[in-house]
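For reference, the structure discussed in these notes is given below.
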Amino acid sequence: MPLVDPVTMSPPAGNAKTKDLGLPTQAIPTIPTPLAQGVRHVHPILLLSFFLVRFNALVSDPVSTMWTSLPVVVAIQSTYAIVCLPAAGSQTAKPAKKLRPGEKKSASSDGTVPNVAVTTVVALVLTTLATSVLHTFFVLFGAPLLTHLPHTSLCSLYLSLLGLFPLFYTHGVSNKEWLEILGARAPFDEAFGGLMGGCVGAWVGAVPIPLDWDREWQKWPVTILCGVFGGYVLGKLVGGTVAFGRRFG
Amino acid sequence: MPSRSSQPKAALSDYKAIAAQYAKAKRLKELEDAKNNQRSLPTEPAPSGIAEKQRQALEARRKATFEKRFQWTVGFWVWMLCIHVISIFLFTSGFLLTRLVLDERSNCANPPIQPLLSWKGQGSVDGGCWHPKTFDKAVVVLIDALRYDFTVPVEDESKAEGFHNAFPFLYESSVKSPNNAFLLPFIADPPTATLQRLKGLTTGTLPTFVDVGSSFGGTAIDEDNLLLQLRGLGKRIVHLGDDTWTALFPGYFQPNISRAYDSFNVWDLHTVDNGVLEHIFPLMKPEKQGEWDFLIGHLLGVDHAGHRYGPNHAAMTAKLVQMDQFIRNLTETIDDNTLLVVMGDHGMDGKGDHGGESDDEVEAALWMYSKRPLFGRTKPEFVTPPATAKVRPVNQIDLVPTLALLLGLPIPYNNLGRPIEEAFAGKKGNAWGNLAAVARMASAGIRKYQASYFAARGMVQSAKPGSAADLWEIAGAASEGRPVQQAVYHAYTTYQEETLRVCKDLWARFDIPKMILGITAMALGVIVLIVYVSRDEDDDYAVLDNAELDLAEKNLELLDGSSVPEAASYQGLSKIVVKSGLLGGLIGAALGIAYVSFTNSEDWPMAVAAAALVSLVAVTITLSGAGKNLVNVVPNTVWGWLSVVFTLSQSIGFASNSYTIWEDSISLFFLSTFGFTNAVAALRRPTIAERTLGVYHSILFLALGRLASFSKLCREEQMPYCTSTYYASANSSTSASWQLVIPFVVFLILPSIIKAYMMTSRSYEGLAPAWIGYVFRMGLLLSAAYWALDAADNGDWITWLPAQTLKTIQVSVAQLVLALAFVAGTTAFIWAPPCVSILTKAASNARTAQITVLGYGNVNGARYLLLVLNFAGACILLSKPMGSGAMAIMLWQVLSLVEIVDLNALTAETIGPVTLALLGNFHFFKTGHQAAFSSIQWDSAFIPLFTIRYPWSPIVVILNTFAGQILACVAVPLVVIWKTNPKRKGVLESVTRALGVFVAFYATQSLATMAWAGWLRRHLMLFRVFSPRFMVAAAVLLIVDLVGILATLTGVRTNALAISEVFGWAD
């Protein structure tokens, strides 16, 4: 478990627990149970395979494919979050629990653990609300303003679902933590890495659109969605492993 | 009180007042400081009289050093400008060859020389103008990209490629019935693009990329050509196929039976061909024969199959088989008096592309057919068509005199070709008299053309032995008395060959070494620029703003007035660079001149290249000696990388026609990336006020960019994915009436926006309220009025005023706006005091007097902004209603950009100038331009003028075309001096560095487009996409260099002088 990472530019996340208040947010590791670890690794494979399976349908009819695939992606993301990630609030309640193997059992039976169902639902609602903000940014980057509304909305919903949902689930609505996340100075973990990856992926996804290859898959927003999925999975992987605990700048 | 009354200008009263106030206030403050805080002044202050003198001496010294630094900096930029001019000159001299288009036309009744023969109906179109007529009508079938080897059968099937043996009819028919048909290699002159080829095939001359003629904007051919002669003599022309013809010859073709098809969809192999096939055969029926005299069918399938699949592919085979069948069928329908010509306009390379000058690209096929046996060969072995295109080829321009003389037309005036031997040699191949007559006639035409061309260009024709003039004399002598006709024929042919060789030398080839030299010089220039602007740790003068160090330094200088302090390292950089640049340039020039005079080659561009390259190398060495090298160019922050990504990715993208075509959207994407990244970065600021402001300005920057992006003028290639909004409709160049509201909205809100930005630093003081609130606002109102009047004029809304009066009013209004912006504006900028106001509030006891200098924190930026506003005002007027909105948005974006840069502490980064440059490019598109000739708004020349007047008209068109980049260039200093106080050191050096980054962006684009245009010189889109983009980049680079020297740096100097008058010199 690479929790204490001495090779960071900022104080390692592990140190923060001793003097936590007023100090930067910590990276949030996935729950170390075998089940959670298993799901954590299956999750990206599942996500990418599902995307590949639906790819042709996506190219031929983006909107309805994105609609019909939505429940599946919500299910995958929720399961991943519930099984692998600590819900918002559990971190501050027991910041040190993962370091001591002996305490794990008691932590899971702890009465202060937040209600997972409520957290999930709240996170999903926040995810949906955030879609409109992402949609605005898509338009500001050049997405069509008046046409292709369902395309852009659904695309931003997917970005929100992949990139933001795990963060809502683990961080709730903590002002301080979200300031760090939006300022891109939060420590890398699976959730934050996923967001970064998803955003960069969406950015890179715009690159092939202008090319005159006359390919069906160049249509809006297929390439963006490819970027979002690819970037998310890559970011999550990097954020959960090599970059874990590090920060930008 | 400093006695600055040495300058007795009345206009200085403001200065004096402010300076006096400031000096007084400062003295009070210093006194107070000295009493309260002894340690800030380590030595007792000297008696005030001596101190004052010392201070004056110090100020004078600093001023003198500043002027020196300024001169060296300007020197550096002038050197850079020279390098850029030379690089572009070298490249274009190898790439864009120009030819003058003459307006003279050939006349049927007026041959260039008296014909040798005499015949019935001589000098009339019925009998033949300059030579007896052979055919009444002609059908010309142009199979685009029909390479010669496609038509030559290969017997050994195992060696046959996909394109062999599929189109054997041309070859077979010329072998089988040599008197009815002949097949020859048909050599194209580069550039082998269809448009240039059609010009060559109809005018008989060598088209170059830039044919400087009377209608520079349009593509229509305005020089003498076959079709023009046909039409002039009352012949009816029908065209089927590729629509390039209709662009070249608008209004030439019979309206109802001609059919044009879109030519640029290379994925579509069949639409054009099927259209031609469908419509050509009905026209060949006897009852339709009376409707036309000259029929053109232009098929594109072979060309498109090549572009899409390459020549060796089943699709090509199928296409050629189809062509074979088509020509067989067509031959059946030809009557006795009709000539049938089948030809390619160029070949294709191994990948199926064309445009350049490789053998495969220039070797096309020509086949002529007559139902009457007419054609002959001068030697029996010539009956078999040549096995390769290297044997007995004819030039494509030879088609023009051949067709003209066969059809009894005059040869077009600009023709350089000669009649094709087979067509005039007679059935037995011994009609030397006929051959001599046609060769002499064509040569006389060429001679006449040459004489007028050389006269028009002011050149002298060589008369040395072997020269064209000499050969003409020889041919003339050969035809005297009782001539041997064969010798006469050969003498005139030799004359034509020599003339053609001279012209080819002049016009039609890429000069690769020169192109490479240009690219190399430009690349070295970019490297020097990047190294010049790079930072090493000991010249981070932006952080040198240390008050204590400052004071200590100043005291030291005050005490020791005799010794001139050693200049900080950053101050001397320009000087050493310029010195080494000059030295290197002189050495290089000497070498170059030696080379030219030694080899006697007259190759002066080479001498220039030597001067530039040696100079560049010298500067590079000097820079690395000064501790600067490429290592400290590597960015070490996210912002540095962002600059690199913005600059490089776009430059790489110019290799693709798609990214070049969609550059406007891509610029928006990058600008949005900048805004988004800054919104994120702003959230890292420590205080909530900074965070809020940072996010606000970043989002504003994004939103304004997106708003501006609704102003679009689409280029042809963007269709159908783009809707133009710049004008009232896609087919007009006038504004819609709702667009007239835009300038009025600009007038109403822009001054207030500027005021709001100045108020944040309390800088809306001094001249600012009067200038921005009244004069600038007035200018905006006048330009809104101008466009309202313009619309009234166009729409005939005002009928009670004569049109001439209306135009006079308009022009006067426009001139007034420009006078306000440039004449009054410059004067005001030079004499304006700093935008500050000094309040001295006496507290209860005099020792703790409160001095407040309103606007002190933005002294440098606020005053300089006035200069930016002058340019903005002029550009807003000249950019048409939609563009005025775009320019206003740009100004607003510039203001939020400098706020962002200040808030996120990015002053020392390269991203500010790079974003500004990107913004300039973006607004180039948003003011109704594209990187295409057709988007130049020539009519803007008439905004402030009645007629074309030099140099004003070109300046106005440049201000209209490059308004975005010019405004961005003038605004560069704001990125580094916005929100800085008069104690900021190294203002000039910061500005020249920022300008360096800014210019480096454009220089990189220029380099990239240059390199790509050179590399892709065979690309189908070369003349539509890559060359125009290169020309835009080159023009922008030179303009930005010039504006940088004349406006930006000069403006910074003026600003610094004015501010130091009040606050003293910072360094």
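The values are calculated or read from the model by the stated rules, or taken from the named source; none is laboratory data. What you see is a predicted model; the values in this text were computed from it and never measured. FYI the Cβ positions are ideal-geometry reconstructions off the backbone, even for glycines, and counts take in every protein chain you see. Just the protein is used for accessible areas: all its heavy atoms, side chains included, with ligands, DNA and RNA removed. Shrake-Rupley method; radii C 1.70, N 1.55, O 1.52, S 1.80 Å.
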Query raised in the report: When DSSP assigns beta bridges and you keep just the ones with both residues in the protein assembly as shown, what percent turn out antiparallel, to the nearest 5?
Result: 45
Requested in this report: For every other residue with a beta carbon closer than 12 angstrom to the beta carbon of B:Leu240, add +1 if it is Lys or Arg and -1 if Asp or Glu, then tell me the sum.
Outcome: -3
**Report entry** Sorted peptide list for B:591-600, A:204-213, criterion being average Cβ within 10 angstrom, highest first
**Finding:** A:204-213, B:591-600
Report task. Could you grab the relative contact order for chain B? Cα pairs under 8 Å, six or more apart, rounded to a whole percent. Result -> 14
Report summary line: Given backbone amide H placed at 1.01 Å from N, residues whose amide H is under 5 Å from that of B:His239, ignoring those fewer than 5 places away on the same chain, are B:Gln254, B:Ser258, B:Arg259, B:Ile296
**Report entry** Where no second cysteine Cβ lies under 4.7 Å, the cysteines concerned in chain B
**Finding:** B:Cys82, B:Cys503, B:Cys835, B:Cys875, B:Cys969
Requested in this report: Determine the principal axes of the Cα atoms in segment B:358-415, then give the extent along each, sorted from largest to smallest and rounded to whole angstroms.
Outcome: 33, 32, 18
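Any chance you could list the semi-axes, whole Å, largest first, of the equivalent ellipsoid that the Cα gyration tensor gives for segment B:58-153, using √(5λ)?
Semi-axes (√(5λ), whole Å): 67, 24, 10.
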Report summary line: Regression test value, accessible area per residue of the protein assembly as shown, probe 1.4 Å, units Å², expected 40
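Quick check: from the Cα gyration tensor, does segment B:322-373 come out rounded (a/c under 1.5), prolate or oblate?
Taking the square roots of the gyration eigenvalues as a ≥ b ≥ c, segment B:322-373 is prolate.
Given C-alpha coordinates of the protein assembly as shown, what is the ratio Rg to Rh with the Kirkwood estimate of Rh?
Using Cα coordinates only, the ratio equals 1.04.
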Report summary line: Quick note, segment B:925-1036: a/c under 1.5 would make it rounded; otherwise a/b > b/c is prolate and the rest oblate (a ≥ b ≥ c, C-alpha gyration tensor); here it is oblate
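Using a 10 Å cut-off around each Cβ of peptide B:706-716, what is the average number of partner chain Cβ atoms that fall inside?
Other-chain Cβ atoms within 10 Å of each residue's Cβ, averaged: 1.
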Report summary line: Result for interface chain B to chain A, accessible surface buried in total, 1.4 Å probe, Å² to 100, stands at 2100
Query - Across B:Lys755/B:Lys841; B:Lys137/B:Lys235; B:Lys137/B:Lys427; B:Lys137/B:Lys285; B:Lys137/B:Lys199, pairs whose alpha-carbon gap is larger than 18 Å - result: B:Lys755/B:Lys841; B:Lys137/B:Lys427; B:Lys137/B:Lys199
Query raised in the report: Cα centroid distance between segment B:1046-1067 and segment B:444-506, in Å?
Result: 65
Report summary line: With no solvent term and unit scatterers on the alpha-carbon positions of segment A:116-249, Debye gives log₁₀ I(q)/I(0) at q = 0.11, 0.13, 0.22 Å⁻¹ of -0.40, -0.55, -1.31
Report task. Determine the equivalent ellipsoid of chain B by diagonalising the alpha-carbon gyration tensor, then write out the semi-axes as square roots of 5 times the eigenvalues, largest first, rounded to whole Å. Result -> 68, 30, 26
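For segment B:843-945, give the percent of accessible area contributed by carbon and sulfur heavy atoms, probe 1.4 Å, rounded to a whole number.
Values: 1320 of 2130 Å².
C and S fraction of accessible area: 62 percent.
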Query raised in the report: Along the Cα-to-C-beta direction of B:Arg105, a point sits 7 Å from the Cα; which residues of segment B:401-420 have their amide N less than 14 Å from that point?
Result: B:410-414
Report task. Find out how many positive minus negative residues lie around B:Met441, taking Lys and Arg as positive, Asp and Glu as negative, among other residues whose Cβ is under 12 Å from that of B:Met441. Result -> +4
Query raised in the report: Where the accessible area of segment B:50-143 is counted over protein heavy atoms with a 1.4 Å probe, how much of it, in %, is carbon and sulfur?
Result: 59
Requested in this report: Would you kindly compute the Cα radius of gyration of segment B:901-942 and its largest Cα-Cα separation (Dmax), both in Å?
Outcome: 15.4, 44
Report summary line: Here, segment A:188-233 modelled as identical Cα point scatterers in vacuum has Debye log10 I(q)/I(0) at q = 0.15, 0.23, 0.26, 0.33 Å⁻¹ of -0.37, -0.68, -0.79, -1.05
Report summary line: The extension gain from B:Thr805 to B:Trp938, computed as 0.36 nm times the residue separation minus the Cα-Cα distance, is 45.6 nm
Query raised in the report: From the backbone phi of segment B:581-587, what are the Karplus-calculated ³J(HN,Hα) couplings (6.51 cos²θ - 1.76 cosθ + 1.60, θ = phi - 60°) in whole Hz, Gly and Pro given as x?
Result: x, 5, 4, x, x, 5, 4
Query raised in the report: D for segment B:730-856, whole µm²/s, Stokes-Einstein with Kirkwood Rh over alpha-carbon pairs at 25 °C and 0.890 mPa s: what number?
Result: 139
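Carbon-plus-sulfur fraction of the accessible area of segment B:991-1067, 1.4 Å probe, in percent? Intermediate results must be reported in sequence, preceding the final value.
Working: 1210 of 1670 Å².
Exposed carbon and sulfur together represent 73 percent of the surface.
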**Report entry** Segments B:1047-1053, A:38-44, B:957-963 sorted - mean Cβ within 10 Å per residue, highest first
**Finding:** B:957-963, B:1047-1053, A:38-44
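With r as the distance between the Cβ atoms of B:Val631 and B:Ile576 and R0 = 30 Å, compute the FRET efficiency 1/(1 + (r/R0)^6) and round to 0.05.
According to the calculation, E is roughly 0.95.
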Requested in this report: Round to a whole angstrom and tell me the spacing of the C-alpha centers of segment B:954-971 and segment B:677-724.
Outcome: 22
**Report entry** Intensity falloff of segment B:409-508 expressed as log10 I(q)/I(0), Debye formula with alpha-carbon point scatterers, at q = 0.13, 0.14, 0.20 Å⁻¹
**Finding:** -0.46, -0.53, -1.00
Query raised in the report: Mind checking Rg over Rh on segment B:610-716, alpha carbons, Kirkwood formula for Rh?
Result: 1.13
